[in-house]
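Reviewing the structure listed below.
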Amino acid sequence: MAPPKVGVTLATRSIYIFIVDPSLLKTDVCYVNGEWIKAKSGKTFQVNDPGTGDLVGNCPEFDAADTRAAISAAETAFASFRKTTGRERSKLLRKWYDLVIEHTEDLATIIAWENGKPVADARGEMAYAASFLEWFSEEAPRIYGDTIPSSIPGNRVVTLKEPVGVCALITPWNFPAAMITRKFGPALAAGCAVVCKAPGETPFSPLALAELAHRAGIPAGVVNVITALDNTPLVGETLVTDPAVRKISFTGSTNVGKLLMKQASGTLKKLSMELGGNAPFIVFDDADVDAAVAGAVASKFRGSGQTCVCANRIFVQKGIYDEFAHKFAAKVREFKVGNGFAEGVTHGPLIHGRAIAKVDSHVRDAEAKGAQIVVGGQKLPDLGENFFQPTVLTGMTSAMAMASEETFGPVAGLFAFETEEEVVRLANSTTVGLAGYFFSRDLQRVQRVAEHLEVGMVGVNTGLISDAAAPFGGVKESGFGREGSMYGVDEYMITKTVTYGNMALPLQK
Ligand code: SIN
């Protein structure tokens, strides 16, 4: 017989939430300088479950003064944390990782509750989130400088890798935990102290991770997590203009990224920008159609289409268009939409009403311009305000909004094409370039198309490219900088050159 479950059941208006360790759910407080504190004004904002609309909890509405206090705590902590060894930082990250694994089920519950994604997906996100802590715990002791042969006789040149300083990390709601660990992991491995502005929609996962960082023994002030909703622009501006902050890492929309970059220019901070995408997903006549259908389903509908790397334009070559469309639509019809905690649900609600409005406007625009709705196409008010049917559209053209704008929702539009040259031109005819995918079994085409796509990441014969080991980032207006991988730590370091003169001295007799 299984032992009885120990934990707490929280009743909301519509559902029950079971949490083994309720002290992970930090409401009304932020984590600053190793302490749980309220906003000085006492103001809070509400966080609501996107599935039911019920209250999850309240969070502090930080303002500029609260934010400056967090920056100051990080500045003080940085002075000593930068002196720790890579091995010491590795052990801290590993301890944090172990705690995250131990509490995965609770963390997944919090993600599913505040973000709406099905619990199974939230568990998947937690495995992904934990993998960044594991990865960077392994990178921390292996941060090397170089010995460089000088062009000046007698000189010796070495480089030192040093932590850049206090980092401001601004994270999105679509991966409430994984985008935290993908930034905190390398920052801490490098020896930086951080202030993270958690997303107003999903602050409780970042705060739960902060609680585990605390339990892991990460020194006070090294990790700070703050929240705001109405004050978000003010808090963002404070973070990116404060001279004590030396690095900004932002994941979010291209428009906000541009604004932050402009604001940060006054103090010339180091920047990483992981911004919007408009991913092409290309299926050539020579592809394995079943594998391409599976890849397109995974890429397009992960997180109900709310990821920056989701396929946004699915281009299918004319010879297999009908077969692909038929098989793809059949798979999408199998989805079950509903509350993320309900049995068998594969797709939850979208994050809020603005997301629903955008998705709906893209479908209506495509329909008005001649696309056919093969599956879905409607809101699902009986389930709640934020639900939309997984949708498949055929007969898409470049005149439709979906061709040039990121939908960020569960709508797949299929565009027909004839030649490789044509589809690569169409794929690249966008201002952004984050991910791109294609399916083909022609070896030379695989190499050719991978080289010609103007994106930071290419998936060949796969719809899933996310991996802590693989560099993540874009080109063009999708931003710059690479997260994860062996390159991730560099974003949080400076290279200091030390030149030793008069070193070619004769041996003493
Ligand atoms: C994102 O949507 O910003 C991240 C997606 C991923 O890491 O797979």
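Points to keep in mind about this one:
- The set of residues in the stretch 177-200 being in a helix (DSSP H, G or I), within 16 Å of the ligand (Cβ to nearest atom) and of a type in the set (A, V, I, L, M) consists of A178, M179, I180.
- Some residue of the stretch 455-469 being assigned to a loop (DSSP other than H, G, I, E, B) and more than 15 Å from the ligand (Cβ to nearest atom): yes
- Here S151 fulfils each of the conditions (1) within 16 Å of the ligand (Cβ to nearest atom); (2) of a type in the set (G, A, S); (3) farther than 26 Å from G124 by Cβ apart from (1).
- Selection status of S478, surrounded by 23 or more Cβ atoms within 10 Å (Cβ to Cβ), in contact (Cβ under 8 Å) with a residue 60 or more places away in the chain and within 15 Å of the ligand (Cβ to nearest atom): yes
- Scanning the stretch 413-432 for residues that are over 22 Å from G474 (Cα atoms) and of a type outside the set (D, E, K, R) yields G413, L414, F415, A416, F417, T419.
- Every residue from the stretch 325-354 that is in a helix (DSSP H, G or I) and either free of Cβ contacts under 8 Å to residues at least 40 places away in the same chain or buried (at least 22 other Cβ atoms within 10 Å of the Cβ) (or both): A325, H326, K327, F328, A330, K331, V332, G353, R354
- Taken together, T159, T84, T67, T76 contain a single residue that is of a type outside the set (A, V, I, L, M), more than 20 Å from the chain's Cα centre (by Cα), part of a strand (DSSP E or B) and at pLDDT 95 or above, which is T159.
- Filter result for L133 (under 18 Å from the mean Cα position of the chain (by Cα), within 16 Å of the ligand (Cβ to nearest atom) and part of a strand (DSSP E or B)): no
- Complete set of residues in the stretch 286-303 that are within 12 Å of the ligand (Cβ to nearest atom) and either under 15 Å from G413 (Cα atoms) or not in a helix (DSSP H, G or I) (or both): A298, S299
- Flag: A311 matches the condition of being over 29 Å from A168 (Cβ atoms), within 13 Å of the ligand (Cβ to nearest atom) and of a type outside the set (S, T, N, Q).
- Lone qualifier among L212, L234 - being in contact with a His (Cβ under 7 Å, 6 or more places away or on another chain), touching a residue at least 60 places away in the same chain (Cβ under 8 Å) and either of a type outside the set (S, T, N, Q) or more than 16 Å from the ligand (Cβ to nearest atom) (or both): L212
- Applying a threshold of 7 Å to beta carbon distances and a minimum spacing of six or more residues, or different chains, the list of pairs starting in the stretch 127-155 at a residue that is closer than 30 Å to F175 by Cβ and ending at one that is surrounded by 11 or more Cβ atoms within 10 Å (Cβ to Cβ) and among the aromatic types (F, W, Y) reads A130/Y97; L133/W96; L133/Y97; E134/Y97; S137/Y97.
The values are calculated or read from the model by the stated rules, or taken from the named source; none is laboratory data. Quick caveat, the model's predicted, so the values are computed rather than measured. Cβ: placed from backbone, ideal geometry, glycine included. Neighbour counts: every protein chain shown.
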